[in-house]
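One structure is given below, represented as structure tokens, and several questions about it will come after.
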Amino acid sequence: MPKTAGVSFRASLEEHFGERLRPDYDDYPLAQPAERRREQARLRGEAAQPAEFTDVGCVHGHFLPLKYLPLAQSRPCTFVTWLREPLARLASHYDYWQRSYDPDSGLTSSLHRRVVEEEWSLRRFCLAAELRNVYTEFLWGFPPKRLDFVGITEFFAEDLRYFSREILGNNLQPQTLNQRSQAAAPASEASLSHAERAEIEEFHAADLSLYHGALAQRRGRLSGRR
């Protein structure tokens, strides 16, 4: 999921997997209409050959996990993601697009151009149909119960240690390489009124449900350790 401490998480994965870590950032899911990104994930999953992953220990990036469900039929796969409070994630995404905009880059999506060049407010950004329920869209066609671990960005250090111990079987120490993506609230979020926040939360109700479900699972996990 974008803007959920992925840079820091990748650093820990690199430490553990080394050259066996395969990056997968080429799909640009949010740069495409929903139907196209869904079809792309399905077709690429069907076309992937298990032999391509013989020397791969981990795949990390931004993609629909549906893409790797076929691979899980031929070899053991552990599916992992991180979630962040949806409004904070949106505000972080908005701030990042403001900072990183490069009009000459061939990788800049048309939506990114519109957001910056039309000077969208954070409210308009959060209520854009293209960005509605990002978590739910990324998990399209993929059963949430198939996720083996869901970390919460606001508890990154603690959840990374749990992931390291329970999933990787080691004791990786959290690395904070992009502190803007961590739990601190983005500056733009303070500009929203109470009514605007309520409006945005209703618009992203599906993602809020996923997030609160993950929080409940985390509380259950912690209770089980006591």
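The values are calculated or read from the model by the stated rules, or taken from the named source; none is laboratory data. Values in this document were obtained by computation on a predicted structure and should not be read as measured data. Every residue, glycine as well, gets a Cβ built from its backbone with ideal geometry; the counts of neighbours run over all protein chains shown. SASA here: full protein model, heavy atoms, side chains in, ligands and nucleic acids out. Shrake-Rupley method; radii C 1.70, N 1.55, O 1.52, S 1.80 Å.
Kindly provide the set of residues from the range 206-220 that are of a type in the set (S, T, Y) and within 13 Å of E154 (Cβ to Cβ), ordered by number.
Within the range 206-220, Y211 is the sole residue that qualifies.
How many of the residues making up the range 59-70 are part of a helix (DSSP H, G or I) and touching a residue at least 24 places away in the same chain (Cβ under 8 Å)?
Matching residues across the range 59-70 total 3.
While we're on this one: If I go through the range 168-204 residue by residue, how many of them are modelled with pLDDT of 80 or more and surrounded by 14 or more Cβ atoms within 10 Å (Cβ to Cβ)?
Here the count works out to 11.
For L43, work out the one condition from (1) of a type in the set (A, V, I, L, M); (2) open to solvent by 50 Å² or more (accessible area, probe 1.4 Å); (3) not in a helix (DSSP H, G or I) it doesn't fulfil.
(3)
Quick check: anything in the range 58-70 out of contact with any helix residue (DSSP H, G or I) (no Cβ under 9 Å at 6 or more places or on another chain) and of a type outside the set (G, A, S)?
Checked the range 58-70: no residue is out of contact with any helix residue (DSSP H, G or I) (no Cβ under 9 Å at 6 or more places or on another chain) and of a type outside the set (G, A, S).
So in the range 11-50, with the set limited to residues that are over 30 Å from N171 (Cα atoms) and of a type in the set (A, V, I, L, M), which one is farthest from the chain's Cα centre (by Cα)?
Restricting to residues being over 30 Å from N171 (Cα atoms) and of a type in the set (A, V, I, L, M), the top hit is A47.
Considering the range 147-162 alone, what residues qualify as being open to solvent by 10 Å² or more (accessible area, probe 1.4 Å), part of a helix (DSSP H, G or I) and touching a Leu at 6+ places or on another chain (Cβ under 8 Å)?
Selection gives R161 alone.
Under 6 Å between Cβ atoms, which residue pairs at least 6 apart in sequence (or on different chains) link something in the range 156-168 that is closer than 18 Å to P76 by Cα with a partner that is in a helix (DSSP H, G or I)?
Between residues of the range 156-168 that are closer than 18 Å to P76 by Cα and residues that are in a helix (DSSP H, G or I), the close pairs are L168/H16.
Right, here's the next one. Suppose we filter R38, R113, R99, R89 for residues that are open to solvent by 20 Å² or more (accessible area, probe 1.4 Å), touching a residue at least 40 places away in the same chain (Cβ under 8 Å) and in a helix (DSSP H, G or I); which single one remains?
Exactly one residue qualifies, and that residue is R38.
Name the single residue, out of those in the range 116-143 being charged (D, E, K, R) and assigned to a loop (DSSP other than H, G, I, E, B), that is most open to solvent (accessible area, probe 1.4 Å).
The selected residue is E119.
While we're on this one: What's the total number of residues in the range 1-35 that are assigned to a loop (DSSP other than H, G, I, E, B) and in contact with a Phe, Trp or Tyr (Cβ under 9 Å, 6 or more places away or on another chain)?
Counting residues in the range 1-35 that are assigned to a loop (DSSP other than H, G, I, E, B) and in contact with a Phe, Trp or Tyr (Cβ under 9 Å, 6 or more places away or on another chain) gives 8.
Could you pull out the residue among Q73, Q32 that is without any contact (Cβ under 8 Å) to a residue 12 or more places away in the chain and surrounded by 16 or more Cβ atoms within 10 Å (Cβ to Cβ)?
Every option except Q32 fails the conditions.
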